[in-house]
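Working notes, structure below.
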Amino acid sequence: MTSSRPLTVVTVTYSPGSHLDRFLSSLTVATDRPLTVVMADNGSTDGTPEEAVERYPGTQLLRTGSNLGYGSAVNRGVATAPADDEFVLVANPDVVWGPGSIDALLDAAQRWPRAGTLGPLIRDPDGAVYPSARHLPSLIRGGMHAVVGFIWKKNPWTRAYHQEYLEPTERPVGWLSGSCLLVRRAAFDQVGGFDERYFMYMEDVDLGDRLGRAGWLNVYVPSAEILHDKGHSTGRDPATNLRAHHESTYIYLSDRHPGWWRAPLRLTMRGALKVRSRAAVYKSQRKLAKGMGSR
């Protein structure tokens, strides 16, 4: 797909360090289309977003005023794109773009006119394929993944939730990782963008679910490929991030099980998630302490 019209790329920055330079420099191999990059900055203190504006033409800095969280910052970035743009690309600053990856997403969008979001194949830094295209979490599948997956990584519920039994093929899925999404603006605006109650985590699951309920598709496009160093965002303060993940999970699940008669279920879910959160934080702290002790 070729076009002279610029595509807006929105990324959320929070002292991204050297990741941002790799993100911006690799965009040159991802497409020949002119790009406008909007950095929705949540309070960086390392100076890299300001340096990027000087170094990379077409790069804009949008200060959000505080650390709003991921989805809230994305919404503000998307709002700066021209209203008649058909697509906006949303991506983390710790992404490295593969050759032709953006063009492959745009081409797939023409094949799937009801696609509200399209996501690429994502590789971890070690080359492994990250399970970025998944089923929506149900009480059974998602619940067993959350509880059993903590101690049994290859359990059948987690593998089914991650769709690990399927080869990487272009297909609709329940939701796509928010680390890289080509968003159809009409779909994004129809559902009100990301739900800003989620500070971080689960906002992409929620978006995929709401788009599906509104009649849109979430399409996995493995012909587009990126690398994502997800440890950049999660590794700074693992305890805080783990707590945020479990809180976001509760928001998601409780929204989908409303009503006074489901109050016992919601109470049970909250209790189970708190127990799991404490266990996960304890495990991460022990791992961190062990790592520091081995230096």
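Taken one residue at a time, the phi angles of the stretch 82-96 give Karplus couplings (6.51, -1.76, 1.60, θ = phi - 60°) of x, 4, 9, 5, 6, 10, 9, 9, 10, 8, 6, x, 9, 8, 10 Hz. Gly and Pro are set to x.
Residues Y70, Y252, ranked from the fewest to the most other C-beta atoms within 10 Å, line up as Y252, Y70. Backbone geometry of the stretch 32-41 corresponds, through the Karplus equation with coefficients 6.51, -1.76 and 1.60 at θ = phi - 60°, to 3J(HN,Hα) couplings of 8, 5, x, 10, 10, 9, 9, 9, 7, 9 Hz, x marking Gly and Pro.
Pairwise Cα separations in the stretch 19-133 fall into 5 Å bins from 0 onward with the following percentages, short to long: 2, 10, 18, 23, 22, 16, 7, 1, 0.
Since every read-out is calculated from the coordinates, none of them should be taken as a lab result. As the structure is a computational prediction, the values presented were derived from the model and not from experiment. Positions of Cβ are generated from backbone atoms using ideal geometry, with glycine treated the same way; all protein chains shown enter the neighbour counts.
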